Amino acid sequence: MPIDATLPYDDGNIFARILRGEIPARRVYEDDFALAFHDIAPQAPVHVLVIPKGRYVSWDDFASAASEAEIAGFVRAVATVARDLGLVPPGYRLLANVGGDGGQEVPHLHVHLFGGRSLGRMVAG
Ligand code: 5GP
């Protein structure tokens, strides 16, 4: 079920639990600002989720409430993950779902990083 991205942060959400190490994940990268791990239901040969370490529900929440250091750190981490996975070239796609119409299901900001094949054009369905 898509979430209401205006709700307060829920410390019990699944990505908060992955961050705390309570639930396993196939981690690919971690630094002071971000954690990256493989999506449990991949939709491309490479499908990695990159999340900030701070308590932010969505891109909207993060952009308005995070510090400059957190924003810079997260953006750099996403690019580093893609580079480390060997996706620059051939190229990749970033996607952040926000709220109901965006189809966001987990209420902790995450960027989907897709790659490993030609991804076609933009939005389907
Ligand atoms: P959203 O729709 O919120 O943008 O995407 C949530 C993503 O999280 C989905 O692609 C889903 O497969 C992934 N996901 C949900 N639960 C887990 C989990 O427990 N572990 C991992 N690695 N991914 C998850």
Inset, instruction - Provide the packing ranking of 76-88, 51-63, i.e. peptides ordered by the mean count of other C-beta atoms within 10 Å per residue, highest first. - result: 51-63, 76-88
Legend entry - segment 83-125, Rg to Rh (Cα coordinates; Rh as Kirkwood inverse mean 1/r): 1.02
Inset, instruction - Report the full-extension gain for the segment residue 38 to residue 10: residue separation times 0.36 nm, less the Cα-Cα distance, to one decimal in nm. - result: 7.9 nm
Legend entry - Radius of gyration and maximum dimension Dmax of segment 46-125, Cα, Å: 13.2, 36
Inset, instruction - Over the chain, average the accessible area per residue using a 1.4 Å probe and give it in Å², no decimals. - result: 58 Å²
Inset, instruction - Taking the Cβ of residue 21 as the centre, find all other residues whose Cβ is under 13 Å away and add up their charges (Lys, Arg: +1; Asp, Glu: -1). - result: +2
Legend entry - Qualifying GluC sites (Glu not before Pro) for segment 15-112 [loop in DSSP, other Cβ within 10 Å: at most 13]: 22, 105
Legend entry - At R0 = 35 Å, FRET efficiency that the Cβ-Cβ distance of residue 60 and residue 117 yields, to 0.05: 0.70
Legend entry - Shape metrics for segment 41-86, restricted to C-alpha atoms - Rg then Dmax, Å: 12.1, 33
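Determine the calculated [θ] at 222 nm for the chain from helices alone, applying -39500 (n - 2.57) to every DSSP H run no shorter than 4 residues and normalising by the residue count; nearest 500 deg cm²/dmol. Please report the intermediate quantities before stating the final value.
Numbers: 4 runs with 34 residues, N = 125.
Taken over the chain, the calculation gives -7500 deg cm²/dmol.
If R₀ is 25 angstrom, what is the calculated FRET efficiency for the pair residue 47 and residue 69, using the beta carbon separation as r and rounding to 0.05?
0.35
The values are calculated or read from the model by the stated rules, or taken from the named source; none is laboratory data. What you see is a predicted model; the values in this text were computed from it and never measured. Virtual Cβ from ideal backbone geometry, glycine too; neighbours counted across all protein chains shown. Heads up: the accessible areas ignore ligands, DNA and RNA and are worked out on the full protein's heavy atoms, side chains in. Shrake-Rupley method; radii C 1.70, N 1.55, O 1.52, S 1.80 Å.
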